[in-house]
There are 2 protein chains.
Amino acid sequence: MKLDSSGLQVLSREECLRLMASVPIGRIVFTDRALPAVQPVNFCLDGESIVIRTTIGSKLAAATRRAVVAFEVDEFAPELRAGWSVTAVGRARAVEDAGEMARLAALPLLPWAPGSRDHYIVVEAEQVSGRRITA
Amino acid sequence: MKLDSSGLQVLSREECLRLMASVPIGRIVFTDRALPAVQPVNFCLDGESIVIRTTIGSKLAAATRRAVVAFEVDEFAPELRAGWSVTAVGRARAVEDAGEMARLAALPLLPWAPGSRDHYIVVEAEQVSGRRITA
């Protein structure tokens with residue numbers, strides 16, 4: 001078991017992707033008017049790509065266009081002081097190809113928020129890192 | 001009930017701070033070598049300040065020194081497609097005053113991660129925003 005300098009267990013890329021696929025909500029981290037910004041979103045993992053649905057005019061759509069973003073998922077059990085977190089860093093892009101859009105529309109990804117959310121953002125999980133903390 | 005452009009309920013500052021105080025884990029969002037970075041931490045709310053314990057040599061301590069950061073907390077019930085999130089944005093500072101350090105040491109804030117974590121970071125919750133989504 002590999003530990004980092006903080007004594008937390010370092011997770012492999014495979015374990016990170018497996019954990020990422022196990023939760024419905026993640027947090028996309030980006031820059032909005034030069035300030036750090038974060039927004040929870042429901043998502044779906046498509047291979048090693050994170051797929052998010054939003055509205056074309058949303059702040060998220062504008063701020064993540066061709067930007068490098070981070071995407072974080074985690075699960076903690078406070079009563080056990082245990083849990084894990086995984087962060088992917090990669091380039092975000094708006095899906096514009098009709099064929100790709102049709103393929104993504106078939107994913108089990110239903111928007112939670114109201115309104116028409118037919119704009120897809122894909123984040124390629126280029127760098128993936130994860131940690132596990134156990135009591 | 002005030003709704004935003006996405007149809008989500010907008011929470012008041014008071015409601016945001018109340019919700020923030022109700023969870024033990026948040027995510028600090030910062031910039032690390034020009035890339036967006038995010039790290040879950042356990043924390044304690046001290047008035048309108050977010051208090052985090054870390055180690056003095058940590059990446060988090062270095063990256064958040066005199067930086068503007070975001071701090072996000074949330075709670076979702078996937079089976080209900082409901083939940084809330086709150087984000088604070090403000091300046092982070094390392095606590096250096098011995099009196100303040102002694103006061104913060106008395107907070108109910110025990111580090112989850114191993115190692116000596118006697119370095120305190122305080123984030124002033126200058127801008128606070130929150131949303132609630134209901135099925």
>> Of the conditions (1) under 22 Å from A:Ser85 (Cβ atoms); (2) surrounded by 15 or more Cβ atoms within 10 Å (Cβ to Cβ), B:Pro78 satisfies every one except a single condition; which number is it?
In response: (2)
>> Looking at region A:41-69 only, could you name the residues that are at the interface with another protein chain (Cβ under 7 Å from one of its Cβ atoms) and surrounded by 22 or more Cβ atoms within 10 Å (Cβ to Cβ)?
In response: A:Val69
> Out of A:Ala92, A:Ala135, which single residue is among the hydrophobic types (A, V, I, L, M, F, W, C), touching a residue at least 24 places away in the same chain (Cβ under 8 Å), within 23 Å of B:Ala37 (Cβ to Cβ) and in contact with a strand residue (DSSP E or B) (Cβ under 8 Å, 6 or more places away or on another chain)?
Replying inline: A:Ala92
> When region B:73-89 is examined, which residues are found to be within 11 Å of the chain's Cα centre (by Cα) and over 18 Å from A:Arg33 (Cα atoms)?
Replying inline: B:Val73, B:Asp74, B:Val86
> How many residues does region A:11-40 contain that are surrounded by 15 or more Cβ atoms within 10 Å (Cβ to Cβ), out of contact with any strand residue (DSSP E or B) (no Cβ under 6 Å at 6 or more places or on another chain) and modelled with pLDDT of 95 or more?
Replying inline: 2
>> Suppose we keep only residues that are surrounded by fewer than 17 Cβ atoms within 10 Å (Cβ to Cβ) and within 23 Å of A:Lys59 (Cβ to Cβ) within region A:108-123. Which one would you say is nearest to the other protein chains (Cβ to nearest Cβ)?
In response: A:Pro114
>> Taking the conditions exactly as written (touching a residue at least 40 places away in the same chain (Cβ under 8 Å) and touching an Asp or Glu at 6+ places or on another chain (Cβ under 6 Å)), does B:Ser85 satisfy them or not?
In response: yes
> Taking region B:87-107 on its own, how many of its residues are out of contact with any Phe, Trp or Tyr (no Cβ under 9 Å at 6 or more places or on another chain) and within 14 Å of chain A (Cβ to nearest Cβ)?
Replying inline: 1
> In region A:70-84, which residues are facing chain B (nearest Cβ under 7 Å) and at pLDDT 90 or above?
Replying inline: A:Ala70, A:Glu72, A:Asp74, A:Phe76
> Residues in region A:1-40 that are over 29 Å from B:Ala67 (Cα atoms), of a type in the set (S, T, N, Q) and within 12 Å of another protein chain (Cβ to nearest Cβ): how many?
Replying inline: 1
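Might you let me know whether region B:117-132 holds any residue that is part of a loop (DSSP other than H, G, I, E, B), out of contact with any Gly (no Cβ under 9 Å at 6 or more places or on another chain) and either within 24 Å of A:Asp4 (Cα to Cα) or aromatic (Phe, Trp, Tyr) (or both)?
Taking region B:117-132 as the starting set, the residues that turn out to be part of a loop (DSSP other than H, G, I, E, B) are B:117-118, B:125-126.
Restricting the remaining residues to those that are out of contact with any Gly (no Cβ under 9 Å at 6 or more places or on another chain) gives B:117-118.
Adding the requirement that they be either within 24 Å of A:Asp4 (Cα to Cα) or aromatic (Phe, Trp, Tyr) (or both) leaves B:117-118.
Yes, the conditions are met somewhere in region B:117-132.
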> If A:Ala61 passes every condition in (1) under 11 Å from the mean Cα position of the chain (by Cα); (2) over 29 Å from B:Arg117 (Cβ atoms) but one, which one does it miss?
Replying inline: (1)
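The values are calculated or read from the model by the stated rules, or taken from the named source; none is laboratory data. Since the model is a prediction, treat every value here as computed from it, not as a measurement. Counting neighbours? That spans all protein chains shown, and the Cβs are built from the backbone with ideal geometry, glycine included.
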